[in-house]
Amino acid sequence: MRQILDFNENWWFIHADVDVSEARPGEGELVSLPHTWNALDGQKGDGTYDRGSYWYVKMLDKWEPSAKYSRLFLEIPAAGQQAKVFVNGEFVVSHEGGYSAFRADITEKCTEEFNTIAIWCSNEKCDAIYPQSADFTFYGGLYRGAHLICVPETHFELLHYGDLGIHAATEPASWDKEDFMLHIRTKICGVEKDNQVIYQIFDEDGKEVASAARPADSPDTSIPLYKPHRWDIKNSYQYTLKALIMRNNECLDEVELKFGVRTFCCDPGRGFLINGNCVPLRGVSRHQDKLYQGNALTKEDHIRDAELIEEIGANTVRLAHYQHAQEFYNECDKRGFVVWAEIPFISVMNEDPLAHENCITQLKELIYQNDHHPSICFWGISNEILIGGISEKLVENHRELNALAKKIDPYRLTTIAHVTMTPKDGPMHEITDVESYNHYFGWYGGDVSMYGDWFDNFHKKYPNKAIGMSEYGCEALNWHTSDPKQGDYTEEYQAYYHEEMIKQLFTRKYIWATHVWNMFDFGADARNEGGENGQNHKGLVTFDRKYKKDSFYAYKAWLSDEPFVHLCGKRYVDRVEDTTKVTVYSNLPEVELFVNGKSAGKLQAEDHFFHFEVPNVGESTLVAVAGEYKDESHIRKVDTFNEEYSLKESGAILNWFDITEPEGYYSLNDRLSDIMKSEEGKALFMGLMSKVAAGMSQGNEKND
């Protein structure tokens, strides 16, 4: 049977684009994988992070083929953003796309006593590779490690879009709604006449519940599952499928995967249904990077991220804007998160036909590599693509991507994330099974009160379309105020914003999913705002995962069954007002607040947000009590506002529009309505919008 060997230690990273003949062990810096060269500069905030082409080099002892292990493959789970593999100076394979796995058959190349494995890796801009432009750092490097896979001549295919050589999908059986059929597809290399494939299905207790045997040259089979346990949000039950290639009584190769049995759909009026039950999807989006690590995360990092998402009580995760690591999909499977998985077709479309081919390849890799995960219910085909305008070709490309996704995987739904200015009608709404919008009313423009009316109007006009909320949020750092305002970057405004969002979105059951942007702050090196450069600070948790912002607990109060109480404003101690507002979040029905040991009253709140007003005199210890749970914070009366709480902002970026802030100019602290009062600001904004609108109109006319 196959062996999978760790291949992560003792790589030489050569921080130069040398000729392959000069890419030798002993040159450069000795590193271990996972590794990215942008771990530090990927969030410095001036848009000049290192986008180059560099080398990873490692020695491999001579490969000695045997009857048991006659083929040797190098597996790269991801290489940002493109890679080429060489063995002893000879080219083996290339890969375009920074987020999916690929493999190289290096059997015939490893003939020396000591073999040089050299991987050229690049995150330079390339017109033929997506993403082209986006609000996050495009990290370079071998940031998910590497493996060696040893297999016999007859083995499950390893070069088909990086998949496992086996696929499993379930659907309800025709004879009984409680029974299911498991459909299995395999690809096998080196098949001989006497080869068989044995399929075994085990439950979570390790008991075999079904099996089948087929000739190895028969790629497809179906196995009935009688009244199986369902995979569900509250009960993420998984079965294990083992497939063995047999010759007489000898096992030549074996693969194993987990799968789940469930049904799901989206109803335009009732939202998301799983196994026949209406379950509103309420959750977050996630980027895969972390402070001072970039996207070179460990398995423990992925688990920690999943634990934090589970703590908040979320039941869905949008994995933006690319394929994520297998470790994280596995965590979603185990924890019952419903996943939206997508490709990096984002912001702008490149007219280069090679770019479209890359888009197709990345979609195939996403689906083929991940279609066994029961958590994945949605394939996303693009995000905010109309930022770059619309064209007949763009619409045609989307239709092709959607058709491809449905052909490869007819069992899941397709979806799309629209940028806020996408018209409510037009050809982009007739492509995917369901759709969502990215809106930032109350941050980039408009007012936080606009969300409910916007969705009600959409739902009224298009009652047969399933609509969701794929992005919403606002930024917060360690800035504070007792009078929060849109654009001030304070933790208090972010908390207020999300209180309003929860009340408006969670009470509208027809919204099939809501995804906060974002669960974690993330690297966006082009950003220079908020007082801390190079990051998007819309996260509910800081980039280093060390601090949960108050808004984190607002969601926990609505979504989690774990009893708790949280006092907001722990980082906001010095306060000038004589009477101060104290906010408490809890999922328990009643909260009592104590100030220096004396009760300031009890409150009940159906919305889980408890707002007290207390006298601010001297130094006060605040204790919130809900049932058996307590939380403590401190405030102190001061005569003048502590300027350390106030953002002194310069050189900010307003959404996609670069508006700097020398004297007399606007910044992110200014609302769009204020900018529109200025003739210059209005001219700038309307000029940009007219270009987008013209492109949209042209596309609609062509597609009417």
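Taking 0.36 nm per residue of sequence separation and removing the Cα-Cα distance, the residue 192/residue 218 pair yields an extension gain of 8.2 nm. Most simply put, the chain has about 80% antiparallel DSSP beta bridges, counting only bridges with both residues inside it. Between residue 340 and 317, 318, 319, the built amide H atoms are under 5 Å apart, and every one of these is 5 or more places off in sequence or on another chain. Per-atom-type breakdown for the chain gives carbon and sulfur 49% of the accessible area (1.4 Å probe, protein chains only).
Length available on full extension from residue 250 to residue 179: 0.36 nm per residue minus the Cα-Cα distance, which gives 22.3 nm. For region 178-237, the list of chymotrypsin sites (Phe, Trp or Tyr not before Pro) that fall in a loop by DSSP and count at most 13 other C-beta atoms within 10 angstrom reads 226. At what distance in angstrom do the alpha carbon centres of region 217-252 and region 58-113 lie from each other? When both Cα centres are located, 30 Å separates them. With R₀ fixed at 60 Å, the C-beta to C-beta distance from residue 171 to residue 19 puts the FRET efficiency at about 0.70. A straight line joining the Cα centroids of region 386-447 and region 126-169 runs 26 Å. Charge dipole (Cα centre; +1 on Lys/Arg Cβ, -1 on Asp/Glu Cβ; no other charges) of the chain amounts to roughly 1540 debye.
Per-residue 3J(HN,Hα) values for region 194-199, derived from phi via the Karplus relation 6.51 cos²θ - 1.76 cosθ + 1.60 with θ = phi - 60°, read 8, 7, 10, 10, 9, 10 Hz in sequence order (x marks Gly and Pro).
Counting only protein heavy atoms and a 1.4 Å probe, the chain has 40 square angstrom of accessible area per residue. Helix 679-703 and the longest principal axis of the C-alpha atoms of the chain enclose an angle of approximately 40°.
Over all orientations, region 513-602 has a Cα convex hull whose mean projected area works out to 8.5 square nanometres. Taking Lys and Arg as +1 and Asp and Glu as -1, the other residues whose beta-carbon sits under 15 Å from that of residue 415 total -3. Couplings 3J(HN,Hα) for region 61-72, derived from phi with the Karplus relation 6.51 cos²θ - 1.76 cosθ + 1.60 (θ = phi - 60°), are 4, 4, 8, 10, x, 9, 4, 7, 10, 9, 10, 10 Hz, where x marks Gly and Pro.
Between region 276-309 and region 465-502, how far is it from one alpha carbon centroid to the other, in angstrom? The two parts, judged by their Cα centres, are 20 Å apart. Contact order, relative form, for the chain: 11 percent (alpha carbon pairs under 8 Å, 6 or more residues apart, mean separation divided by residue count). Going through the cross-link list 234/549; 227/364; 207/234; 290/407, which pairs have a Cα-Cα distance over 24 Å in this structure? The answer is 234/549; 227/364; 290/407. Entry note, region 492-622: relative contact order of 18 percent, from Cα contacts under 8 Å with a spacing of 6+ residues. The base-10 log of I(q)/I(0) for region 400-502, evaluated at q = 0.19, 0.20 Å⁻¹, reads -0.93, -0.99 [Debye formula, identical scatterers on Cα atoms, solvent excluded]. The GluC sites (Glu not before Pro) of region 194-264 meeting both criteria, a DSSP state outside H, G, I, E and B (loop) and at most 12 other C-beta atoms within 10 angstrom of the site's C-beta, are 204. A probe of 1.4 angstrom, applied to the heavy atoms of all protein chains, finds residue 553 with accessible area near 40 square angstrom.
With a ≥ b ≥ c taken as the square roots of the eigenvalues of the C-alpha gyration tensor of region 267-404, please select rounded if a/c is under 1.5 and otherwise prolate if a/b is larger than b/c or oblate if it is not? Because a/c hits 1.5 or more and a/b fails to exceed b/c, region 267-404 counts as oblate. Scalar couplings 3J(HN,Hα) for region 469-476, obtained by applying the Karplus form with A = 6.51, B = -1.76, C = 1.60 to θ = phi - 60°, are 10, 8, 8, 6, x, 8, 8, 8 Hz; x denotes Gly and Pro. The 1.4 Å probe gives accessible areas that order 62, 598, 406, 334, largest first, as 598, 334, 62, 406. In the chain, the calculated helix contribution to ellipticity at 222 nm averages -6000 deg cm²/dmol per residue, counting -39,500 (n - 2.57) for every DSSP H run with n ≥ 4. Distant-in-sequence amide contacts of residue 613, defined by a placed amide H-H separation under 5 Å and a gap of 5 or more residues or a different chain, comprise 582. Amide H to amide H distances under 5 Å link residue 282 with 315, 316, 514, where only residues 5 or more positions off or on other chains count and H is placed in the peptide plane. The residue among 605, 506, 536 whose Cα reaches farthest toward the positive pole of the charge dipole of region 495-643, with charges on the beta-carbon of Lys, Arg, Asp and Glu, is 506.
The values are calculated or read from the model by the stated rules, or taken from the named source; none is laboratory data. Model, not experiment: these values are computed from the prediction. Note that we place each Cβ from the backbone using ideal geometry, even for glycine, and neighbour counts take in every protein chain shown. We work out accessible area using only protein heavy atoms, side chains counted, and drop any ligands, DNA or RNA first. Shrake-Rupley method; radii C 1.70, N 1.55, O 1.52, S 1.80 Å.
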